[in-house]
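Enquirer: Once you've had a glance at the structure underneath, I'll fire off some questions.
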Amino acid sequence: MSLSPSPLVSIIIPCYKAEKELPQALESVIQQRYHQWELIVINDGWEDKTEAIIDEFKIKCPHNKITYLKHVHNQGLGATRNTGIQKAQGNFIAFLDHDDVWEPNHLSHGLEILKKEQSDIYYSSVMVFDSLGKTNDWIWGPTEEDLINFPQSLYARNYIQPSAVIISKQFLNTLGLMDTNSKVHFCEDHDFWIRAITLNGNFSTSNQVTVRYRYSNPNAATAKIPLMLEHDISVQKKNLYSKAFKMPIKKAAIANNYRRLSDYYWKNKHLYSLYYLFLSLYWDPRDLRHWVQLLKGIVYWPLIRT
């Protein structure tokens, strides 16, 4: 893949209840050292000041094409990104969630890596900060072991945050859109990366962190744990027969997600814990940890329930 000196980058920002955090994300766009971009903002069916914020932003960036779109009804994050992808005119797509922030060198650094390594998708780790904007010095992304075992490791755990991704439009034309099935909601990006690997997409990464990811509501995230795990299992099962991943790794990954579901319900003293342990053992009967946990559950369940 060859790059022109200044390829156009389409920045896609999906929005929902975005008026509070969106200005900070937009400010990080205008601060980019790379200037050859267009911006596509999609409001996923919420009535607020998002459109007015974008109108004001257009005045600041008279030389960049800025498009504002709005869904009549809420369609979800995957469908909202798809709307932006279909409208994009750039050689590359860069995702940015409305509550995240880029460092000024995000686009320039990512494009440099893509050109140097002739790859289809660039990503990096992200710096996590809380809803008040305070940096916690917590880096989230692939571990050293994940990188050594890439791409096999990505089937088991999604460590690619969309706001850290730049993807070539040429490869995206082959990959297609994100899955909008309700069974993969919250995990459509994990499915996206798995499908990219199945289609022999070339990934590049960097140890330079150029994205700040907002961890906005810990209580809400905790409440979604079982749903997200169930949907991630749906993603894994959907891609179970992908030849890009080894079957023992796929089965172990599904078993591990069932074990995590079991752990969640165990802490909440719910009988589902044993049910998910049985499913975990079905997918990976070799894991002794699951057998030990099952025996504990059978022996101590009457005590746990009291």
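The values are calculated or read from the model by the stated rules, or taken from the named source; none is laboratory data. What you are looking at is a predicted structure, and each value in this text was computed from that prediction instead of being measured. FYI the Cβ positions are ideal-geometry reconstructions off the backbone, even for glycines, and counts take in every protein chain you see.
Enquirer: In the list 185, 231, which residue meets the criterion of being at pLDDT below 95 and either closer than 24 Å to residue 15 by Cβ or touching a Phe, Trp or Tyr at 6+ places or on another chain (Cβ under 8 Å) (or both)?
Expert: Sole residue among the options that is at pLDDT below 95 and either closer than 24 Å to residue 15 by Cβ or touching a Phe, Trp or Tyr at 6+ places or on another chain (Cβ under 8 Å) (or both): 185.
Enquirer: Of 163, 204, which residue is in a helix (DSSP H, G or I) and either more than 25 Å from residue 24 (Cα to Cα) or in the same structural domain as residue 85 (by TED's automatic domain parsing) (or both)?
Expert: Of the residues listed, the single one that is in a helix (DSSP H, G or I) and either more than 25 Å from residue 24 (Cα to Cα) or in the same structural domain as residue 85 (by TED's automatic domain parsing) (or both) is 163.
Enquirer: Collect the residues in segment 1-50 that are within 26 Å of residue 201 (Cβ to Cβ) and assigned to a helix (DSSP H, G or I), keeping them in residue-number order.
Expert: 29
Enquirer: Which one of the conditions (1) touching a helix residue (DSSP H, G or I) at 6+ places or on another chain (Cβ under 6 Å); (2) at pLDDT 95 or above; (3) surrounded by fewer than 20 Cβ atoms within 10 Å (Cβ to Cβ) does residue 226 fail to meet, given that it meets all the rest?
Expert: It fails just one condition, (2).
Enquirer: Moving to a separate point now. If the requirement is being part of a helix (DSSP H, G or I) and touching an Asp or Glu at 6+ places or on another chain (Cβ under 9 Å), which of these qualifies: 154, 147, 107, 111?
Expert: It is 154.
Enquirer: For segment 47-68, how many residues meet the condition of being in contact with an Asp or Glu (Cβ under 9 Å, 6 or more places away or on another chain) and closer than 20 Å to residue 80 by Cα?
Expert: 9
Enquirer: Return yes when residue 78 is in contact (Cβ under 8 Å) with a residue 40 or more places away in the chain, of a type outside the set (Phe, Trp, Tyr), out of contact with any strand residue (DSSP E or B) (no Cβ under 8 Å at 6 or more places or on another chain) and surrounded by 17 or more Cβ atoms within 10 Å (Cβ to Cβ) and no when it is not.
Expert: yes
Enquirer: Follow-up question, since we're still on this one. Identify, from the list 149, 158, the residue that is within 16 Å of the chain's Cα centre (by Cα) and not hydroxyl-bearing (Ser, Thr, Tyr).
Expert: Of 149, 158, the one residue that is within 16 Å of the chain's Cα centre (by Cα) and not hydroxyl-bearing (Ser, Thr, Tyr) is 158.
Enquirer: It is to be established whether one or more residues within segment 214-236 are outside the structural domain of residue 83 (by TED's automatic domain parsing), in contact (Cβ under 8 Å) with a residue 60 or more places away in the chain and on the phi < 0 side of the Ramachandran plot.
Expert: Yes - at least one qualifying residue is present in segment 214-236.
Enquirer: State all residues of segment 115-130 that are farther than 16 Å from residue 210 by Cα and either hydroxyl-bearing (Ser, Thr, Tyr) or not in a loop (DSSP other than H, G, I, E, B) (or both); if no residue qualifies, say none.
Expert: 115, 116, 117, 119, 130 - these are the residues of segment 115-130 that are farther than 16 Å from residue 210 by Cα and either hydroxyl-bearing (Ser, Thr, Tyr) or not in a loop (DSSP other than H, G, I, E, B) (or both).
Enquirer: Any residue that is at pLDDT 95 or above, polar (S, T, N, Q) and out of contact with any Gly (no Cβ under 7 Å at 6 or more places or on another chain) - is there at least one of those in segment 5-18?
Expert: no
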